[in-house]
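The values are calculated or read from the model by the stated rules, or taken from the named source; none is laboratory data. Keep in mind the model is a prediction, meaning the values are calculated, not measured. Because the Cβ atoms are built from the backbone with ideal geometry, glycine has one as well, and the counts that use them run over all protein chains shown. Please note that ligands, DNA and RNA were not included when accessible areas were found on the heavy atoms of the full protein model with its side chains. Shrake-Rupley method; radii C 1.70, N 1.55, O 1.52, S 1.80 Å.
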Amino acid sequence: VYKRQSVYEAASGSGSWTSIDSGRTNAIRYSFDRYNLAGTEVIVWADGANNATKYNGTTVTDLSATGAPANPKFVKHFKNALFFAGMSATPEEVVFTAPYTDNDFSAANGAGVINVTDDITGLIVFREQLIIFSRGKIHRLVGNTIADFQLQPISLDIGCIKEDTIQEVGGDIAFVGPDGIRLLSATDRIGDFGLAVASRPIQSETNQLFSSNTKFSSCVIRKKNQYRLFGYAAAISEDSAQGIL
């Protein structure tokens, strides 16, 4: 993990990379989020193989208190707590900390576990909701603490089949479903019908792309209001690389 000179620089995108945390082992991909619970900007990350870790501008600390998830893939700050998902032993669970803490997993203090009964493929905070994507379902978590959290279904027939493809763009959420690139608002409104598929005009090309075992990443170009999806397959050479625009 490369650390920037300060949390402010990391948050603003300025500064230079200066050091390496070599204590990570077997890391897969990193997911990040930023939060401020006690007046200090903090970056937290998860890699799917180790405990989640935070960096407060001075110290790198593993989140390994009693009850902490051992190897989460995803982490998000929501309602003054941290939410973790993608653990290998419990891929269907979301684990969250006690309010206003990042390393207290005691149920007596307000921490807890939510089970969505399907393997989770991503988390995103959107309009005061935590959207929980799994392979065949989408849920929203609303409320403020464990006392009033409610897990509500958005779709029980469609989910996100490719991790790292979930992005907020143009006031909506884009993700890769089993039938192509979808928008959350359309999926919520009309369910699993093909009319909700944003990539429908190039359906055959996207189906071919997503049927492979290619690993994907995504990003949003804010100035262009554009969602970009990148795929990688070790067997494809640079000269043979293709794209869909």
Review point. If we keep just the residues of segment 208-245 that are in contact with a strand residue (DSSP E or B) (Cβ under 7 Å, 6 or more places away or on another chain) and assigned to a loop (DSSP other than H, G, I, E, B), which is farthest from Ser31 (Cα to Cα)?
Key: Asn225
Check your understanding: Which of (1) of a type in the set (S, T, N, Q); (2) surrounded by fewer than 17 Cβ atoms within 10 Å (Cβ to Cβ); (3) out of contact with any Asp or Glu (no Cβ under 8 Å at 6 or more places or on another chain) does Ser185 not meet, given it meets every other one?
Key -> (3)
Exercise for review: Filter segment 47-95 down to residues that are among the β-branched types (Val, Ile, Thr) and closer than 22 Å to Ile124 by Cβ, then give me how many there are.
Suggested key: 5
Revision key, fill the gap. Asp172 fails exactly one of (1) more than 21 Å from the chain's Cα centre (by Cα); (2) farther than 23 Å from Glu92 by Cα; (3) among the acidic types (Asp, Glu), namely (1)
Exercise for review: Search segment 150-189 for residues being touching a residue at least 60 places away in the same chain (Cβ under 8 Å) and of a type in the set (D, E, K, R), and hand back the single one that is nearest to Ser31 (Cα to Cα).
Suggested key: Asp164
**Study point:** Filtered residues of segment 232-245 (kept if at pLDDT 85 or above and surrounded by 10 or more Cβ atoms within 10 Å (Cβ to Cβ))
**Key:** none
Exercise for review: Can you tell me which residue among Asp157, Asp164, Asp102 is under 29 Å from Ala38 (Cα atoms), open to solvent by 20 Å² or more (accessible area, probe 1.4 Å) and either among the acidic types (Asp, Glu) or part of a loop (DSSP other than H, G, I, E, B) (or both)?
Suggested key: Asp102
